[in-house]
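Bear in mind these aren't lab numbers, they're just calculated from the coordinates by the rules spelled out. Only a predicted model underlies this, so the values are computations on that prediction, with no experimental measurement involved. Note that we place each Cβ from the backbone using ideal geometry, even for glycine, and neighbour counts take in every protein chain shown.
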Amino acid sequence: MSDPRIILRGRPVVPGRVEGEALVSHEPISGWGGIDPARGVITEVRHELFGVCFAGKILVFPSAKGSSGWSGFFQTTRLSGTAPTGMIIGRISAKSALGAVVTRVPAITDLDADPCEVIATGDWVLIDNATVEVTKR
Amino acid sequence: MFLTDEEKRMRDGAEGDAVAAAMDLLIRYGYALDAERLCDIRNVAGTMTQPSPVKARLVAEGGWDKAFAVINLDSDLDLTVPPMRVPTCQLQHGFGPDSVDIVPYPRANVELQDDAEAFYGRHGVNILATCTPYQVGNLPLRGEHCAWMESSAVIYANSVLGARTNCEGIASTGAASLTGKIPCWGNHREENRLGTHLISVSGMTVESFQDWGLLGYFAGGVAGEDHPVITGEISRPDLTELKHFGAAAATSGGVELYHIPGITPEAPSVAAAFGGSAKAVPAAVVYGPAERRQMYETLNEIGSSADVDFVLLGCPHASVDQIRQAAALLDGKRLSASTELWIMAPRALKVMADRSGYTEVIERAGGRVLADSCPAMSRAAPAGTRVFATDSAKQAHYLPAILGIEAWFGTLEECVAAAVTGRWNGGLSE
């Protein structure tokens, strides 16, 4: 049987190593007005992950959108114990870069393939500084 | 990231622990962005006073110094907050003491915020308390590097004023306020400020306040985090229309900078908006009557009940003239017994509306002019609200998610009519 693992290379946003189950959003994520940090749940009504909990997951998303409260809301998930354990970010911005920093979880961007296409929700993902190892489920 | 000798001294504690923690955050943030260096700024718009459950807990544990360290510097150290190093203002926050008995908002939050204002005022934070600092005296110059948060203010500063700021957050503005530094990345760099998408308005003219909001909502969807350039059949906009346009574009996408050739300062022509060469101008995305209707229907898809309990105006915070227009429509009218109407404004402009007699006209009809906050920031609407109406694309987008209520998006006239009759009777004009 072929090796089910896929290796992606990128640039660390927050250096570190973590592994866990992926939660993939194909749409950008809003912080303020888009998540409930007390529960770690996406609350944007029109969002594909409306009602889904990201706590303890490795959150894979194309970009951050909306309010500048993005980082503050994700910092609150850390302070509330509802944070994702890692972030794989398609395209970095000030919002998502600062958000990853203050969530204090390993995060990576600028990957050599689109992480939102390569990774599916439920895949097992290892972020190790500048690489991501994906085990398909 | 390159650090100057001054920045290294700050990092190493020569200016105290709080400045060192601020520099540590800026270094982590600069790394995350892959920024080459920091730039000097002396205009910060952030948030320190806004009440939240986490902040209340931190203040109870260790006072405002603790809350600032954790939330505004992302630091776990015991720090003493020094005076702001550069001019720093507080953006919109919670409701104040004058809202008690009008807005169902926890008294504990009002008291916490009062305490915060006193603390941060002593440390040199200008309490502007508005999402539109550019309406009340904080007008950065063209080319000025700033560290602002509030997406609707960031897009206004970059696009309409030609100032340079990324969409900063609570911790980066906190760190900037103590250092006068921010990563020189993204919108701070000349080469990153060109247009990326061309949107051509065709088949109708965008000229009303509502139409500028619909066009902004479309532009955000087209451009995402990039830089739309608007051309075609548009009227000359004013401050309020670009305030609405930008807030909408920053809501549906992550737009922080746009150009309107001939109107905004960095784009004298369409070619200039894309770097000067006609070859660099991309094919236009058309915004016509069908796209306009699609935006209108998207913003109205959450509404089903026509019984409107609440009308919200002033998102982003109203200008004096917007308050005057609402007063003119409400003059001699009386709100439906089942409906409330609030207009959000900067406190400084509410003073002018009071002085001009507009507030009295609005209050005589049963409406309110409120300062400092908004229902989305404070998660507060009149008790029992199930359906609200607004003239703001941004508020129509966010409030259903934040409060779990239905939304109608329409014109000022339709919103005032809904407040008077208690019924939504809006529709998109041709």
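Within a Cβ distance under 15 Å of B:PRO97, other residues only, what is the Lys/Arg minus Asp/Glu net charge? Result for the neighbourhood of B:PRO97: -3. For B:LYS55, a cut-off of 20 angstrom between C-alpha atoms picks up these aspartates and glutamates, skipping any fewer than 8 places away in its own chain: A:ASP36, B:ASP65, B:ASP74, B:ASP76, B:ASP78, B:GLU111, B:ASP114, B:ASP115, B:GLU117, B:GLU150, B:GLU168, B:ASP372.
In the protein assembly as shown, what percentage of the DSSP-assigned beta bridges are antiparallel, given to the nearest 5? Display every interim value, and only then the final one.
Working: 25 of 72 bridges.
Of all bridge pairs located within the protein assembly as shown, approximately 35 percent are antiparallel.
Peptide A:68-80 has a mean shielding of 6, counted as Cβ atoms of other protein chains within 10 Å of each residue's Cβ. A convex hull fitted around the alpha carbon atoms of region B:146-289 yields 94 Å³ per residue. As a size descriptor, the averaged projected area of the C-alpha convex hull of region B:22-116 was calculated at 7.3 nm².
Could you give the Stokes-Einstein D for chain B in µm² per second, using the C-alpha Kirkwood radius, 4 °C, 1.567 mPa s? Could the numbers behind the result be given before it?
Working: Rh = 22.3 Å.
Answer from the Stokes-Einstein relation: 58 µm²/s.
Each listed q (0.23 Å⁻¹) maps to a log10 I(q)/I(0) for region B:1-53, found by the Debye formula over equal Cα scatterers with no solvent: -0.97.
Report the net charge of residues surrounding A:ALA130, where surrounding means a beta-carbon distance below 10 angstrom and charges are Lys +1, Arg +1, Asp -1, Glu -1.
Values: positive: A:ARG9, A:ARG11; negative: A:ASP110, A:ASP128.
Here the charged neighbours net out to 0.
Could you tell me the relative contact order of chain B? Use alpha-carbon pairs under 8 Å, at least six residues apart, and round to a whole percent. Dividing the mean separation by the residue count of chain B yields 15 percent.
Computed from the C-beta positions of B:THR80 and B:GLU111 and an R0 of 30 Å, the FRET efficiency is 0.85 to the nearest 0.05.
Each residue, B:SER235 and B:SER208, gets one label point 7 Å from its Cα in the Cβ direction; the gap between the two is 1.0 nm. By the combined test of axial Cα extent (at least 18 Å) and Kyte-Doolittle hydropathy (mean at least -1.0), the qualifying DSSP H helices of chain B come to B:17-33, B:107-122, B:209-223, B:239-252.
Using alpha carbons only, the radius of gyration of region B:303-421 set against its Kirkwood radius gives Rg/Rh = 0.93.
In this simple spin-label model, placing a label point 7 Å from the Cα along the Cα-to-Cβ direction at both B:ILE102 and B:SER356 gives a separation of 1.7 nm.
FRET efficiency for the A:ARG91 to B:ARG386 pair, using the beta carbon distance and R₀ = 41 Å, is estimated at 0.60. Between B:ASP331 and B:ILE263, the C-beta separation translates, for a Förster distance of 35 Å, into a calculated FRET efficiency of about 0.60.
Per-residue ellipticity at 222 nm computed for the protein assembly as shown from its helices equals -10500 deg cm²/dmol, with DSSP H segments shorter than 4 residues left out and the rest contributing -39,500 (n - 2.57).
Histogrammed with a bin width of 5 Å, the alpha carbon distances of region B:388-430 distribute as 5, 27, 29, 23, 14, 2, 0 percent, first bin at zero. In this structure, the amide hydrogen of B:HIS197, modeled 1.01 Å from its nitrogen in the peptide plane, lies closer than 5 angstrom to those of B:HIS227, B:VAL229, counting only residues at least 5 positions away or on a different chain. With the convex hull of its Cα atoms as the shape, region B:213-325 has an orientation-averaged projected area of 8.5 nm².
Calculated over region B:5-190, the projected area of the Cα convex hull averaged across directions stands at 10.5 nm².
Its Cα gyration tensor gives the protein assembly as shown an equivalent ellipsoid; the semi-axes, largest first and in whole Å, are 35, 28, 24.
B:SER429 to B:HIS123: extension gain in nm, 0.36 nm per residue of separation minus the Cα-Cα distance? Write down the numbers at each step before the final one.
Numbers: separation 306, 0.36 × 306 = 110.16 nm, distance 5.06 nm.
Between B:SER429 and B:HIS123, full extension yields 105.1 nm more.
When +1 charges are put on Lys and Arg Cβ atoms and -1 charges on Asp and Glu Cβ atoms, the dipole computed for the protein assembly as shown relative to its Cα centre reaches about 220 debye. Taken along the Cα-to-beta-carbon direction at a fixed 7 Å, the label points for B:ARG42 and B:SER305 span 5.5 nm.
Counting every other Cβ atom within 10 Å of each residue's Cβ, B:TYR358, B:TYR120, B:TYR29 order from fewest to most as B:TYR120, B:TYR358, B:TYR29.
Across region A:5-135, counting alpha-carbon atoms alone, Rg and Dmax equal 12.8, 36 Å. Less than 5 angstrom separates the built amide H of B:VAL308 from those of B:ARG423, B:TRP424, all sequence-distant by 5 or more or on a different chain.
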